[in-house]
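Have a look at this one.
We did not get these values from a lab; they are worked out from the coordinates using the rules stated. Just so we're clear, the structure is a prediction, and the values are computed from it rather than from any experiment.
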Amino acid sequence: MEAKDEFRARVLALMEQADQAIHAGSEVLIRKEKVLDLTEWVTIKEYCKRFDIKNTETVSNWIKRGIIPADDTMVIGEFNNIRMVRAKPYRVKATLSTCQ
């Protein structure tokens, strides 16, 4: 069984590692002269969760079709080319199809 002091030391070490990871991520974004507000920018997966969209391909298609403007997306190369989307609702025009 782990002693109280050993447990405390392990938790403090984990917290230090987390702080270093947060700092490294912040440096990347500041170096690009952008400050990324994670309440404003989210991953496509998180966007789907927030706005109740069934799959990520829908949002990817919106980006390709320009429904989500280029200014509202960014790719962060340092984070494995993750695509971020501004977390706001976008209007998708309904199309009517007629069958004859």
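Using amide H atoms built in the peptide plane, which far-off residues or other-chain residues are under 5 Å from W41 H to H?
Amide H neighbours of W41: A87.
Sticking with this structure for a sec: What area, in nm² and to one decimal, does the C-alpha convex hull of segment 37-89 cast on average over all directions?
Averaging across all directions leaves 3.5 nm² for the Cα convex hull.
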